[in-house]
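Trainee: Please find one structure pasted underneath; my questions will follow.
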Amino acid sequence: LAGNADRARVAITRDASETGLLLLTRGHLEIGQSVTVRVLLPGDAVQHAPVTGHVVRREVLSSAEVDFWNEKVALQFDAPEAELAREMLNAAVRYEP
């Protein structure tokens, strides 16, 4: 995850669709901020092509999330990412405990 200043941040996905992601991150992102996301799925050795979007909302962290993460943010992609959404769903099903 990289913001306007191209500073890389680590994040995990809490929810995904073809139009965006809900992420937990240790970085600080502002509503309206442009970001580039590089997705690495479980079991994948290669990152997917970068996806661009912007922050549309910030949410309150749960008590379990606040121990490690600083923010929960929703990103809206600049263009729908149907194939990426399918791949993320397949990975979630494959690696669900």
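Trainee: Compute a Gaussian network model of the chain, connecting alpha carbons closer than 10 Å, and tell me which residue from 27, 43, 53 fluctuates the most.
Mentor: Looking only at 27, 43, 53, the largest GNM fluctuation is found for 43.
Trainee: Relative contact order (percent) for the chain, with alpha-carbon contacts under 8 angstrom and 6 or more residues of separation?
Mentor: Relative contact order here is 30 percent.
Trainee: Is there a quick way to get the dipole size of the chain? I mean about its Cα centre, with the Cβ of Lys and Arg at +1 and of Asp and Glu at -1; what is the value in debye to the nearest 20?
Mentor: For this selection, approximately 200 debye.
Trainee: Taking a point 7 angstrom from the Cα of residue 87 along the C-beta vector, which residues in the range 6-30 have backbone N less than 20 Å away?
Mentor: Flagged as within label range: 9-24.
Trainee: Can you work out the accessible area per residue across the chain, with the rest of the protein chains kept in place, probe 1.4 Å, in square angstrom?
Mentor: Per residue, the chain has an accessible area of 63 Å².
Trainee: Right, here's the next one. For the chain, what class follows from the C-alpha gyration tensor (a ≥ b ≥ c being the square roots of its eigenvalues): rounded when a/c is under 1.5, otherwise prolate if a/b is larger than b/c, else oblate?
Mentor: Oblate, because a/c is 1.5 or more while a/b does not exceed b/c.
Trainee: Now for a separate question. Please build a GNM for the chain, connecting alpha carbons under 10 Å apart, and tell me which residue among 74, 64, 82 fluctuates the most.
Mentor: 64
Trainee: For the chain, with all protein chains present and a 1.4 Å probe, just round the carbon and sulfur fraction of the accessible area to a whole percent. Don't skip to the answer; put the middle values down first.
Mentor: Working: 3180 of 6160 Å².
Taking all protein chains in place, the chain shows 52 percent carbon and sulfur surface.
Trainee: On to the next question. Hey, in the GNM for the chain with a 10 angstrom Cα cutoff, which one of 44, 15, 78 fluctuates hardest?
Mentor: Highest fluctuation among the options: 44.
Trainee: Per DSSP H run of at least 4 residues, take -39500 (n - 2.57); add these up for the chain, divide by its residues and hand me the 222 nm value, nearest 500 deg cm²/dmol.
Mentor: Theoretical 222 nm ellipticity from helices: -4500 deg cm²/dmol.
The values are calculated or read from the model by the stated rules, or taken from the named source; none is laboratory data. The model shown is predicted, which means the values in this text are computed figures rather than measured ones. Cβ: placed from backbone, ideal geometry, glycine included. Neighbour counts: every protein chain shown. To get the accessible areas, we keep the full protein, side chains included, count just its heavy atoms, and leave off ligands, DNA and RNA. Shrake-Rupley method; radii C 1.70, N 1.55, O 1.52, S 1.80 Å.
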